[in-house]
Amino acid sequence: MFATGFAIFLGLVFIFIKLGRRTMLRMLGHDVWLDIGVTMLTLAIHWGSFSGVMAATFAGLLTSAGTTIAKRCFGYIKRGQYTPGLLRLHV
C-alpha cells in the first residue's frame, strides 16, 4: 500500500519535472488547489478497494509535502510576480 502510494507520487513528480519552468512555478503558486486536485484525482482513480484508497491517500500526503518543499526551494509565481525560494530560478 505504501509502495503503491510512493509509486503514484513518483509518477506525479516525473510529470511535474517535465513541465516548463514558468508553468511549474505558477502551479506552485496555487499549491493548495494542486494538492486537493491530485488527491481527489488519485482517490477517484483508485476507488474500490481499501488498499487503493490508502495508496491514493498516501500519494496525496506525499504530494502535499512535495509541493511545500518545492515551493520553499524554488519559489512560486502568483499574480505574475515571481517570489524566489532558496534557489533562485531564471524565469
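The values are calculated or read from the model by the stated rules, or taken from the named source; none is laboratory data. In this text, all values refer to a predicted model and were calculated from it rather than measured experimentally. Every residue, glycine among them, receives a Cβ derived from its backbone with ideal geometry; neighbour counts consider all protein chains shown.
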Inspect all residues belonging to region 31-38 and state whether any of them is of a type in the set (A, V, I, L, M) and under 25 Å from residue 90 (Cα atoms).
yes
So, restricting to helices (runs of 4 or more DSSP H) that lie completely within region 14-91, which ones have at least 2 residues that are of a type in the set (Asp, Glu)?
31-45
Name every residue in region 32-91 that is of a type in the set (D, E, K, R) and in contact with a helix residue (DSSP H, G or I) (Cβ under 7 Å, 6 or more places away or on another chain), in order of residue number.
35, 71
Determine whether region 59-66 contains at least one residue that is modelled with pLDDT of 90 or more, closer than 18 Å to residue 84 by Cα and not hydroxyl-bearing (Ser, Thr, Tyr).
yes
From the residues in region 71-91 that are of a type in the set (A, V, I, L, M, F, W, C) and in contact with a strand residue (DSSP E or B) (Cβ under 9 Å, 6 or more places away or on another chain), which one is nearest to residue 10 (Cα to Cα)?
74
Any chance residue 5 is modelled with pLDDT of 90 or more, small (Gly, Ala, Ser), surrounded by 12 or more Cβ atoms within 10 Å (Cβ to Cβ) and touching a helix residue (DSSP H, G or I) at 6+ places or on another chain (Cβ under 8 Å)
no
